[in-house]
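Here the structure comes first, spelled out in structure tokens, and everything after it is commentary.
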Amino acid sequence: MITEIIEAAWQVASAEGLSNITLRDVAWTVGMQAPSLYSYFDSKHAIYDAMFAQGCREYLARAEKLELTGEPVPDLKIGMRFFMRFCTENPARYELLFQRTIPGFEPTPESYALAVQILAELRDRLHRIGVTDPADLDLLTAISTGLTDQQISNDPGGDRWARLTDQAAEMYYAHVTRRTEGKQP
């Protein structure tokens, strides 16, 4: 039943907006009374936490299946395209995982550990292509989320910003390698 409740919460979030989830709407979607949800989740934030963990696990499972080439720029493109697709196919999930829009909500340590794992795996992929400066990881996440925010906000269902991911990957790698090479003696 927990899986059904989480799926119902995603349905409500997609239809009404992430911050507009109500226990009553989630309960109605799964065919139960709102008080019955308390036997599964003690609060709305507990439902958000379960959604957060489920979204992170889905991200990790799908990222694991990426077919990388071993070449820096093509792999950056693959990763950025994956991130954009994952986020734009479910904007409510993107909002929950990558923005802080729910007042007072913080994932539990167990759920947050999944988000840390996502970032650690990205850091490891960057290290394998020679990008080791933590600021470069920050820059890549800023570029990726910036393009994604623009796509979701200004061209939902389109590709105006999504089609820029390859160019952004090329620019990012050129910038990082040029700067890194400039530091070497």
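What to note about this one:
- All of 67, 58 fail the test of being acidic (Asp, Glu) and under 14 Å from residue 125 (Cα atoms), apart from 67.
- Screening the candidates 147, 137, 122 for the property of being without any contact (Cβ under 8 Å) to a residue 24 or more places away in the chain, under 21 Å from the mean Cα position of the chain (by Cα) and within 21 Å of residue 68 (Cβ to Cβ) yields one hit, 137.
- Exactly one residue among 132, 88, 108 is in contact (Cβ under 8 Å) with a residue 40 or more places away in the chain, among the polar types (S, T, N, Q) and surrounded by fewer than 19 Cβ atoms within 10 Å (Cβ to Cβ), and that residue is 108.
- Residues in segment 51-76 that are surrounded by fewer than 20 Cβ atoms within 10 Å (Cβ to Cβ) and more than 12 Å from the chain's Cα centre (by Cα): 61, 64, 65, 66, 67, 68, 69, 70, 71, 72, 73, 74.
- Some residue of segment 161-179 being out of contact with any Asp or Glu (no Cβ under 7 Å at 6 or more places or on another chain), open to solvent by 50 Å² or more (accessible area, probe 1.4 Å), part of a helix (DSSP H, G or I) and closer than 26 Å to residue 14 by Cα: yes
- Qualifying residue in segment 21-44 (condition: of a type in the set (A, V, I, L, M, F, W, C), open to solvent by less than 60 Å² (accessible area, probe 1.4 Å), in contact (Cβ under 8 Å) with a residue 40 or more places away in the chain and over 21 Å from residue 97 (Cβ atoms)): no
- Unmet requirement for residue 151, which otherwise passes all of (1) within 26 Å of residue 49 (Cβ to Cβ); (2) buried (at least 19 other Cβ atoms within 10 Å of the Cβ); (3) touching a Ser or Thr at 6+ places or on another chain (Cβ under 7 Å): (1)
The values are calculated or read from the model by the stated rules, or taken from the named source; none is laboratory data. In this text, all values refer to a predicted model and were calculated from it rather than measured experimentally. Methodologically, a virtual Cβ is constructed for each residue, glycine included, from the backbone with ideal geometry; neighbour enumeration extends over all protein chains shown. Each accessible area value is taken on the protein alone, full model and side chains, heavy atoms only, with ligands, DNA and RNA left out. Shrake-Rupley method; radii C 1.70, N 1.55, O 1.52, S 1.80 Å.
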